[in-house]
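Beneath this line is the structure, given in structure tokens, with notes to follow.
Nothing in this text is a laboratory measurement; each read-out follows from the coordinates by a stated rule. Model, not experiment: these values are computed from the prediction. Note: ideal-geometry Cβ built from the backbone for every residue, glycine included; neighbour counts use all protein chains shown.
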Amino acid sequence: MTEIMQYVTRESAFHRLHPFTKLIFVVVVVALAVLTSDTVMLAALVGAIVAAAVAGGLARDLLRQVPLLVVLAAGLLVLTVLTIPGGETLCHLVPPGVPVIGGAFPVTVGAVDLALAMSLRFAAMIFAFQILVISTQPRDLVHLMDRLRMPVDYTLMFLIALRFIPSLQLEGKRIHEAQLARAYNPGRGPVGKVRGLFPIFIPLVANSLAKATILGLTIDLRGYRSGTRTPMRDLAPGMADIAGICCMGFVVAGYLTLLLI
């Protein structure tokens, strides 16, 4: 299994961009996704992000998030159908021929449209953030946040979160393989899968707490509270960054124009 939220060493157009340009890209995508409720525009936004990832050679890494988005879309659809009925009824979750409760939980056009818009909105934001993470080294992100005068505690929490996600995923995979090597068989079906999670979560949480203690001691030993930092390298924006920022400016201007029309 490939780790998620992990920097990918590769030579691509996104890797060569300045971290600040990619951060602006994420901010623009999040702003457009939040301010847009039209499913067509949201679909165009997601398509533009995927096209940019294909052009930058990151499509394969980006599309690994599709299973997560499918589960999220299904959950949002069920939630909107149960809570926000509105518009023309397409079908019913419970067929009308069922006694007593027949015709319950109608699936309406309004609920489907809202679920689709929310799913596309989350897809755009997740894809944009994934591009930022897989194409930017953590040290460059930390240096950028320091340049932006972000509080150092928030910078540290952000970096630890980025580093711990793939680490925990890899350790969980190893624990699962160790349990299989011991011939642990929790059974089949949903009940067996739930029972199989406990032998993984318990040692995973215990190991994470031990790592947190070691990490805290390491931070203190390296003089975290001294306030003195020396970056390994200082990146400078290039022509590609200027062109990218100009393109994003045109996109924002075009969107604002559509809103005012």
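How would 135, 37 line up from fewest to most surrounding beta-carbon atoms within 10 angstrom?
Ordered by Cβ neighbours within 10 Å, fewest first: 37, 135.
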>> Can you give me the convex hull volume of the Cα atoms of region 137-229, divided per residue and expressed in Å³?
In response: 122
>> Among 66-76, 52-62, how do they line up by average Cβ neighbours within 10 Å per residue, starting with the highest?
In response: 52-62, 66-76
> For a paramagnetic label modelled at 7 Å from the Cα of residue 205 toward its Cβ, which residues of region 162-185 fall within the zone defined by backbone nitrogen distances under 16 Å?
Replying inline: 172
> Taking amide H positions as placed 1.01 Å from N in the peptide plane, with prolines and chain starts having none, which residues 5 or more places from residue 107, or on another chain, fall under 5 Å of its amide H?
Replying inline: 90, 91, 92, 93
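How big is Rg to Rh over region 23-80, alpha-carbon atoms, Rh as the Kirkwood inverse-mean-distance radius?
1.00
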>> Need the full-extension length gain, residue 165 to residue 60, defined as separation in residues times 0.36 nm minus the C-alpha distance. One decimal, nm.
In response: 35.8 nm
>> Output wanted: per-residue J couplings in Hz (rounded whole) for region 240-249, from phi through Karplus 6.51 cos²θ - 1.76 cosθ + 1.60, θ = phi - 60°, x for Gly and Pro.
In response: 5, 5, 5, 5, x, 5, 5, 4, 5, x
> Taking H as built 1.01 Å from N, whose amide H comes closer than 5 Å to the amide H of residue 238, not counting residues under 5 places away?
Replying inline: 18
> Hey, what do the phi angles of region 114-123 turn into as Karplus ³J(HN,Hα) couplings, whole Hz, using 6.51/-1.76/1.60 and θ = phi - 60°, x for Gly and Pro?
Replying inline: 5, 5, 5, 5, 5, 5, 5, 5, 5, 4
